[in-house]
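Trainee: Quick one: the structure is below, questions incoming.
The values are calculated or read from the model by the stated rules, or taken from the named source; none is laboratory data. All values derive from a computational prediction rather than experimental measurement. We place every Cβ from the backbone using ideal geometry, glycine too, and count neighbours over all the protein chains shown. With ligands, DNA and RNA removed, areas are computed over all heavy atoms of the protein, side chains included. Shrake-Rupley method; radii C 1.70, N 1.55, O 1.52, S 1.80 Å.
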Amino acid sequence: MGDEMKYKLLIIIAALILLLISGCDRAEQGSYNRYTESIFDTFDTLVQVVIYTESEEQFRSYFNTIHDRLKELHRLYDIYNSYEGINNVKTINDNAGIRPVEVEQEIIDLIIFAREWSDKTGGRVNIALGPVLEIWHYYRQEALFDPENAQLPPIEDLLEANMYTDLDRVLVDEENMTVFLPEREMRLDVGAVAKGYALQLVIDELIGEGLESAIFSAGGNIRTVGSPKDGERDRWGIGVRDPDASVMAGTDDLLDVIYLENGSVDTSGDYQRYYIVDGELAHHIIDPDTLMPANYYRAVTVVANGSGPADFMSTALFLLPYEESLALVESLNDFEALWVMPDGEIRTTEGMEQMLRSHGATSTPQ
Ligand code: ADP
Ligand code: MG
């Protein structure tokens with residue numbers, strides 16, 4: 001065989017190997033299946049899980065981890081219920097003014113996370129606002145049973161409660177793993193952050209176990225991993241709900257669709273939990289200055305890298321007037337936002353605009 005002949009043969013062999021490899025690739029992509037399942041018993045919300053994996057067993061294993069961990073974290077972060085043999089956030093609250101409570105690392109981490117982000121964002125999201133939020137919770141529950149006589153909490157009560165909401169007075173002892181609320185009236189309420197933070201913990205664990213392609217939805221909180229391995233799309237499409245749409249909203253009731261690969265989308269809105277007093281909406285996100293529901297927006301949707309920061313930021317941005325809200329997003333990296341103003345007008349950051357269907361984004365970018 002001449003040298004030239006050998007060279008040609010080599011090229012043919014190399015080409016064959018390449019074909020084989022890319023053939024394998026395609027076969028692999030094709031061998032992913034879509035599995036889906038819902039969880040009804042964590043974080044007082046429906047959690048939906050979609051995972052692309054190669055086998056049902058693999059999916060089952062991921063799903064069981066998710067379900068078990070979310071149940072665990074739900075118990076730890078619960079402020080309304082106690083559980084046998086567990087010290088949770090309610091245990092910390094029950095021991096306010098009495099003694100430090102020994103807790104799991106996940107609780108310490110959540111409090112430190114919330115404090116760090118509170119410092120970074122001007123302090124309007126405050127997990128020590130419990131005494132005020134507890135009053136709102138009580139009036140909301142009353143309204144549920146007797147809507148005709150629904151009332152707003154008296155401002156004197158709210159002002160009194162607000163004397164015990166200093167986040168700096170929440171004493172975390174990282175060495176001894178304890179948390180202490182030094183005054184009897186103090187209470188933690190982790191409702192603005194716990195769900196997103198828990199989701200983030202669980203998903204990070206799954207990624208460590210090899211999870212490649214998935215989308216999770218917990219209430220208004222969406223987290224995606226990788227891109228959808230369905231052989232068609234490169235990005236996930238996430239609907240932004242119209243605040244006026246009914247609970248049973250279909251796809252027609254979407255304001256827009258956000259397309260993204262890896263990331264988190266979270267919405268805080270006035271329609272998620274509320275009651276009506278004299279025809280006015282009294283919703284669940286409370287302005288720490290007025291101690292009343294914040295009314296700058298109908299809803300704020302945030303895109304971020306992690307679902308912990310996304311959950312925190314959607315509430316934080318909801319609690320600031322537009323100029324400040326916008327300035328806050330722009331001062332931090334890695335966030336995009338969409339605001340639905342009281343009259344329905346939609347405002348967005350530039351980065352958000354590029355992800356929106358209304359601005360030409362699709363699930364298969366060129
Ligand atoms: P959702 O939980 O419905 O997704 P958010 O993440 O915006 O909505 O959190 C709202 C919850 O946060 C409220 O139900 C309440 O428990 C808590 N909360 C309300 N106002 C504040 C505030 N100013 N700071 C900290 N937590 C708050
Ligand atoms: Mg939130």
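Trainee: Measure off 7 Å from each Cα along the Cα-to-Cβ vector at residue 81 and residue 168, then give the distance between these two points in nanometres to one decimal.
Mentor: 3.7
Trainee: While we're here: With θ taken as phi - 60° and the coefficients 6.51, -1.76 and 1.60, list the Karplus ³J(HN,Hα) couplings across region 171-176 in order, rounded to whole Hz; mark glycine and proline as x.
Mentor: Couplings: 9, 9, 10, 5, 5, 8 Hz.
Trainee: I've got another one for you. Convert 4 °C to kelvin, take the viscosity as 1.567 mPa s, use the Kirkwood radius over C-alpha pairs of region 126-232 as Rh, and evaluate the Stokes-Einstein diffusion coefficient in µm²/s, rounded to a whole number.
Mentor: Reported coefficient: 75 µm²/s.
Trainee: For the chain, take the longest principal axis of its alpha carbons; what is the angle in degrees between that and the long axis of helix 105-120, to the nearest 10 within 0 to 90?
Mentor: 80
Trainee: What whole-number volume per residue, in cubic angstrom, does the convex hull of the C-alpha atoms of region 326-366 give?
Mentor: Enclosed volume per residue, from the Cα hull, is 80 Å³.
Trainee: Right, here's the next one. At 222 nm, what value in deg cm²/dmol follows for the chain if DSSP H runs of at least 4 each add -39500 (n - 2.57) and the sum is divided by all its residues, to the nearest 500?
Mentor: Taking each H run of at least 4 residues, the total per residue is -12000 deg cm²/dmol.
Trainee: So how much slack lies between residue 160 and residue 34, counting 0.36 nm per residue of separation and subtracting their Cα-Cα distance, in nm?
Mentor: 40.1 nm
Trainee: What number results when the radius of gyration of region 187-304, computed over Cα atoms, is divided by 2.2 N^0.38 Å?
Mentor: 1.23
Trainee: Tell me the per residue accessible area of region 53-100 using a 1.4 Å probe; a whole number in Å² is fine.
Mentor: Solvent-accessible surface per residue comes out at 51 Å².
Trainee: Using the C-alpha gyration tensor of region 181-240, what are the square roots of 5 times its eigenvalues, in whole angstrom, with the largest one first?
Mentor: Semi-axes from the Cα gyration tensor: 33, 15, 5 Å.
Trainee: Another question, then. Net charge around residue 149, counting only other residues with Cβ within less than 14 Å of its Cβ (Lys, Arg = +1; Asp, Glu = -1)?
Mentor: Neighbourhood net charge equals -3.
Trainee: Here's something else I'd like to know. Go ahead and run the numbers for FRET between residue 146 and residue 116, Cβ-Cβ distance against an R0 of 41 Å, rounding to 0.05.
Mentor: 0.50
Trainee: Further question on the same structure: Given the protein chains as shown and a 1.4 Å probe, how many square angstrom of residue 195 are accessible, to the nearest 10?
Mentor: The value for residue 195 is about 50 Å².
Trainee: State the Kirkwood hydrodynamic radius of the chain in Å, one decimal place, computed from all pairs of distinct Cα atoms.
Mentor: Taking every pair of different Cα atoms in the chain, averaging 1/r and inverting gives 22.6 Å.
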